[in-house]
Structures are given as structure tokens and as C-alpha cells.
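Asker: To start, I am sharing the structure in question, which I have written as C-alpha cells.
The values are calculated or read from the model by the stated rules, or taken from the named source; none is laboratory data. Note that the structure is predicted; figures quoted are calculated from it, not measured. FYI the Cβ positions are ideal-geometry reconstructions off the backbone, even for glycines, and counts take in every protein chain you see.
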């Protein structure tokens, strides 16, 4: 509502405190911003096209597409792809060689891409068929003999245009002048019996530097100059010049030396992204009303309803008829089996630490030590317990955990308890046991089912490892994917247990072998090792966990580091997926 100083009290006040910092990005990777930055402006310049090679003279390469974007809502960091410049070519004798187009440059924010298109290659010609300059962000210039066939700019079309066309061949086709490549601010010059310049580039409004100049056309006389903004000069009876790195400038076309056909064209310059971190706010509140409300504890707290999937790391498995590792604890809301759905989180805007648990280590054959539990995964008030490790022969009960590890073979070994510590709904199930006198380990517990028991003594009773308990299917990302399956038990010279659905590793194959690791980012338990003579009978490692959150379309998520990701569900909900430990920003 309005207040007496023109301020507005409202739920939305999206502020960005980027201090108007301007930076340039010159290589592909993750670009980080200051903690308070929520909005940026960006100039995105693609790689320039390479110049053409021609028996007479080649056309200049087109500049990379040049686009300005404003008020991009960004997370803590974003992936940026810097387009490479297109290759120039050595003279091929009496053959056709257009320059190679430049590569696209783009910023990716969730499922949205802010893209500029690579510049078109310059035309080259010595014999039929007759090619022209190529289309692109800006078009490549026509090669001598190309008869008016320059490349189109602003391809694909954008508003405002990202570039201009290359220059055409209008003089005597054997005069030996290639057309200039198009630039961000002007078309390449047409041939008219003299040197042809590349089109001029445009200055970025963020740092006033000019980018995306077209490459000059090659000639048998004076060289065609490159367009301002990094365009390479055409060759004057010689090689074309490369476009300047990180400008998106087009490469210069080759110039013919009479009687010689061995001059090269210039490569296009690589692209660049210029970023300005904005300082702005969408509204204000009365300081008096804020002070009064805070003193009376009536200042509104706006909470977002967030569904989650939190899976811990799976337990490692035992060796030597080893028990399978228990799956990592499984906790979820909104999606998955309804009996296992807890209450959604209520999160205020701000930063939240997200921990993704590692899988436990499988027990090695040597030295003889136990496997280890998986590690916990957490977000806010939700903690999923790491899966319990699987036991080993002959004195190896399974360990308790999110889901319990299984007992090892070689005696009556108990499986570990699941749902330890207890949660409601339960986060996992018990591990299987090994029956008295058996030479097979039990299966680790899963999110929805206990692990099977190992049974059978060698050699007469066909030892059979217990199967890992099945995990839980969940559609929080859209596809129906299972998580938190238990690991299968190992067996002596016979049948190992299978891993539970949801990433559980299988027991070691007979007659000898290591257990299969749990699948990464499923929380699956490791598979137990075999006990046949030989060195390869280690227990498998548990699979790492995962954390996924889902919120309504009006919310904004940001994640760090870049290994983690954000996306938008087809229905509009926002998603953040953590495969490694990091930070979730809610706004």
C-alpha cells in the first residue's frame, strides 16, 4: 500500500547490489558474481568468421553477432560459452575455400540462453561451382569472381539486428578484389575496383569498447582495412590478417599475387562477454513503518513452500562373502510414494547450505578392515542419514544407518537396522542377514524394502547372496527415477545378490571379483565382494547422494558451485539440483 513518503510495502522488492561493477569474460567457464548481485546487463559477442581464400582475392570474414541484453536475473554464477573465431585457410591452388564460420557465444541462465551467432566465412573462388560469402551474425564478403554473392547478416534474425551483410563483387569479376566482411554497425564494402574495407563494429554500452568489426577484403592492390572493432585487414598480394582475439572481428581475405596462388586468409577473432552487475531496487518501504513493525514483531515474514528430495550417500560393502551396503537415507515431500512423503519446507529468501553426502568406502581385501558408512545429506531442517556399511566374513554384522547394511557371510551375521536415527516417515529399511553356516552375504536395505538374506554353504548348498532392497521412485524432476537402492550380497563360487532398484550395486560375480559400486548421485549401497581365492574380492563403494528442491514459478533459485544446476519444469515450477555440496539462494 502507498505510504506518506511514496514508498510501497509489498512482497516483491527485488534488489541488486552489484555496485555497477563491469567485467569481461574471455574464456568458456563459470562466471561468478558478487554476493548481492541479482541483475546484470551483458554485451554478448560471437566469434568472427575466417577470411576466404581465392585464386584472385578472398572476401573478408563477417564479424560475430553483437547483442546487448538488459536486466538478466542471475544466480550466484552462470555458465558462459565464448565462441571461437573461424579458421582461415592456406591457399589450396586453384580450388574453392570459404572461410570457416565463427562459433556462437552464449550466457545460460537455467533453461534460457542469451546467444549471439558466429560470423559468416568470407567467400573464396577459383573454379566452378561459384560459392559466396557465408551467412552469420554478420555476413562474409564475396570473393573475387563471386558475382555479387556476399553472405547475409543478422542470421538468424534478432531484434535489434545482431549484424550486417558482407560486401558484394560489383566490378570486373577478374579485377582481383574481395568484398569486405559485415560488421556490427555497418555492412562490408562492395568491390569497385579498389580495396574493400570491413564493416565497422559497435561499442558496448557497458565499457565503451568497440567490438565485432568485419574483415577486410583481399586484393591485388592496396589492402582492404579491417572494420573498427578487431576486424583483420585483407591481404595486399599476400596473406590476410587474423581478427583480434576477444573482439569477434572477422579475418581478412587473402590477396592474390599475380602468377602466384599461395597466400593465406586470416582467422576470425574469438568472442567475448561484457558484464555489468547492476545496483537497483524495485521499491522502498517507510523507515518509520519498518521500525515500528519490527519493534512489535509484526513485520511480515514471507515464506516459500519448497518440496525436496534428500538422499544420503550409500554405505560401502563388505569383502569376502561381503554383505551389501545399505542405501542412503531417503526423505522427500510432494513426490514419490505417498507413505514416504513428509511436509514441505518453508524457506524465507536467503542463502542455504546444502550438503550432499559421499558414498562409504567398500572393504578392501587387504588390509582387512571394515567398510564405512555413507555420509549425511542435508538442507535446512532435513537430514538424511548415510547408509550403513555391509559386514564382512567371518565376523561382520551390518551397521545401522539410513538403510541398514547387510551381514557378511561365514556365520549367522545380523543385518543393520534401517531408519536410524528414526524419522517419520521412515528414511530406510533393514539390511539382510547371513543365515547360519552360509557362504553368502545379505543384501543392504533400500528405501522401500529390506535387504534379502544370504544363504547356502559351499560347496554343496549353492551359496546365494541376498538381493539389495529396492529404492523409491520419485518424479520431482519430471521423469520417474528411483533412488536409494541397497547393495547385493557377495557369494562364494555361486550366485551373488542383485542391487536394489535405485542405484544399488550388485554383489561380486562368481567365481571371483569385486563388488559393484553404488551408482553416483542415487545413494545406492555398494555390492559385496566374493570370497574365492585371489586378490579381487573387494566390497563396492556406496554411491553419493543427491539433493533436489522444487518451488513455484514465481520463485528464483540460484546455486553454487556450477556443478550444480537450476532448471524450469515444463509446468513452470523452478528446480535446483545438487550433486555436490554447495549453496542454494532463494529469492
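Asker: Please go through the stretch 202-223 and pick out each residue that is within 13 Å of residue 250 (Cα to Cα) and at pLDDT 90 or above.
Answerer: Our first condition is that a residue be within 13 Å of residue 250 (Cα to Cα); within the stretch 202-223, this holds for 211-218.
Listed by number, the residues that qualify are 211, 212, 213, 214, 215, 216, 217.
Asker: Taking the condition more than 27 Å from the chain's Cα centre (by Cα), modelled with pLDDT of 90 or more and either within 18 Å of residue 469 (Cα to Cα) or not assigned by TED's automatic domain parsing to the domain that holds residue 415 (or both), does residue 325 pass? Explain how you work it out, then say what you get.
Answerer: Values: more than 27 Å from the chain's Cα centre (by Cα): yes; modelled with pLDDT of 90 or more: yes; either within 18 Å of residue 469 (Cα to Cα) or not assigned by TED's automatic domain parsing to the domain that holds residue 415 (or both): yes.
Yes: the conditions hold for residue 325.
Asker: Of all residues being touching a strand residue (DSSP E or B) at 6+ places or on another chain (Cβ under 7 Å) and at pLDDT 95 or above in the stretch 504-539, which is surrounded by the fewest Cβ atoms within 10 Å (Cβ to Cβ)? Just the residue, please.
Answerer: Checking each candidate, the answer is 521.
Asker: What is the residue count in the stretch 478-500 for residues that are farther than 15 Å from residue 326 by Cβ and either part of a strand (DSSP E or B) or free of Cβ contacts under 8 Å to residues at least 60 places away in the same chain (or both)?
Answerer: The qualifying residues number 10.
Asker: Out of 182, 221, report the one residue that is assigned by TED's automatic domain parsing to the domain that holds residue 21, more than 20 Å from residue 268 (Cβ to Cβ) and assigned to a loop (DSSP other than H, G, I, E, B). Explain how you work it out, then say what you get.
Answerer: Working: 182 fails: more than 20 Å from residue 268 (Cβ to Cβ).
Sole residue among the options that is assigned by TED's automatic domain parsing to the domain that holds residue 21, more than 20 Å from residue 268 (Cβ to Cβ) and assigned to a loop (DSSP other than H, G, I, E, B): 221.
Asker: Look at residue 415 and say whether it is in a loop (DSSP other than H, G, I, E, B), at pLDDT below 90 and either surrounded by 21 or more Cβ atoms within 10 Å (Cβ to Cβ) or outside the structural domain of residue 317 (by TED's automatic domain parsing) (or both).
Answerer: On the way: in a loop (DSSP other than H, G, I, E, B): yes; at pLDDT below 90: yes; either surrounded by 21 or more Cβ atoms within 10 Å (Cβ to Cβ) or outside the structural domain of residue 317 (by TED's automatic domain parsing) (or both): yes.
The answer is yes for residue 415.
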